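So the structure is just underneath, and the comments pick up after that.
Coordinate-derived values only; no laboratory data. Keep in mind the model is a prediction, meaning the values are calculated, not measured. No Cβ is skipped: glycine too gets one built from the backbone with ideal geometry, and neighbour counts run over all protein chains shown.
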Amino acid sequence: MKEEKQTTTKNPNIFKRLRSKNDAMWARFYDPKTKIANKGKWYAIAPLLIIFVGAILLCIPSVGFNLGLDFTGGSVIRVSGFENQAKLNECRAEVKKVFNDRNVKGAQFMDERGANGGGLAFTVKYQHPRGADMTVFDTELKEAIEEAILGGTFVGVSVAEADSISASASSERILMTFIAIAVSIIAILIYMLFRFRFTSGVAAIVGLLHDALIVCAMCAIFRVQLNYVFVAAIITVVVYSLNNTLVLFDRVRHKEKFNESRLAPEQIVDASVKETFGRTLGTTVTTLVPVIALCCIGVPLIREFALPILFGLIAGTFSTIFVTTALYVRFESYRNMSKRHKEKQLKRKENLVSPD
């Protein structure tokens, strides 16, 4: 009995140990002596490493971005007239064999409803092989699909003519989208200039650029296909990250307005980060749960949207807590130094002008 009591005292419950370690970690984090905003050099290591690896991959001609048809151009073939999902899946498998026999890589299959209630249908987006004539290849591919599926098994199924996707038109739309993003970023900077300070606006813009570069680098590393969905994911990440950043800087502005203790900028930022950390972490975790579920069990098109958002949520939370705060403290220290320098010069001039 004595031995059993000794073992229980030496080996306490694992949950109690984890809880005590968790409490100790949070107590250390919320300790006023714990510094956050003055360690910008350490925070920059991981993002710079990820961006550097992504830049190296982009410099390799055979790797680069995994561009989708919205960037490269291609064609779309629609197969419709299915009575049930089983027939559609069987026909789609036959069409995939045709594409594999003709070495067409990266074909995207999407299910949809038939026009005017005409049953189930699916579309295939594909890119033409290099050196192949677009019109001739589309005609031959359509004939091969009809020969493979239009038999006794798939009665009533129709194959539409291939529609081409212009890469030049897609690139123009994408260019206009990025111009719209740039205009919105400038508007954000102007808003933060009036709402907060110029230094906080610049720090927020650098944080948004950090998030976008991290998402692009991670998509290049994991070979995520880039299309219009990727552009939508980038916009979603920027807006989400900006929301967290505005909440943090609003707390900083409030503390600076009522700074009766004359705290330094890094002390104000550290206190603001600790006060908003629970909200930032809670919103990020609750958003990450469905995004991870979509990445694991979603269809390829949904996964192409969820993966950039997953990368962006993590990067945005990191930039809000660490990157933008470190930059803001650095910018504020430079601004205060220049302000003190101008005051000293002004005093010197006044002393020179004043009579003895």
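Taking other C-beta atoms within 10 angstrom as a stand-in for reagent exposure, TRP42, TRP26 fall in the order TRP42, TRP26, fewest first. The mean sequence separation of alpha-carbon pairs under 8 Å and at least six residues apart, normalised by the residue count of the stretch 266-356, gives a relative contact order of 28 percent. Between GLU143 and ASP250, the FRET efficiency estimated from the beta carbon spacing at R0 = 51 angstrom works out to 0.20.
Considering Cα pairs under 8 angstrom that are at least six residues apart, work out the relative contact order of the stretch 74-165 and quote it in whole percent. This gives 46 percent for the stretch 74-165. Spin-label pair PHE258-LEU150: with each label point 7 Å from Cα along the Cα-Cβ axis, the two points sit 7.7 nm from one another.
Defining a contact as two alpha carbons under 8 Å apart and six or more residues distant in sequence, what relative contact order in percent does the chain show? Reported as a whole number, the value is 22 percent. Separation of the stretch 200-256 from the stretch 290-356 is 11 Å, based on Cα centroids.
Two tests apply to each whole DSSP H helix in the chain, Cα reach of 18 Å or more along its axis and mean Kyte-Doolittle hydropathy of at least -1.0, and the ones passing both are 14-29, 45-59, 85-101, 134-149, 167-195, 198-221, 228-257, 265-297, 300-318. With a Förster radius of 56 Å applied to the beta-carbon distance between TRP26 and GLU94, the computed FRET efficiency rounds to 0.45. Per-residue ellipticity at 222 nm from helix content only, as computed over the chain with -39500 (n - 2.57) for each DSSP H run of at least four residues, stands at -23500 deg cm²/dmol. Treating r as the C-beta distance of SER338 and ILE179 and R0 as 41 Å, the FRET efficiency rounds to 0.75. Cross-linked pairs LYS96/LYS125; LYS97/LYS125; LYS21/LYS41; LYS105/LYS125; LYS35/LYS255: Cα-Cα separations exceed 19 Å for LYS21/LYS41. Restricting the calculation to alpha carbons of the stretch 21-154 gives Rg and Dmax of 25.5, 78 angstrom.
Arrange the peptides 245-257, 50-62 so that the one whose residues have, on average, the most other Cβ atoms within 10 Å appears first.
Going by the mean number of other Cβ atoms within 10 Å, highest first, we get 245-257, 50-62.
Taking label points 7 Å from Cα along the Cα-to-Cβ direction, LEU352 and THR236 give a separation of 6.1 nm.
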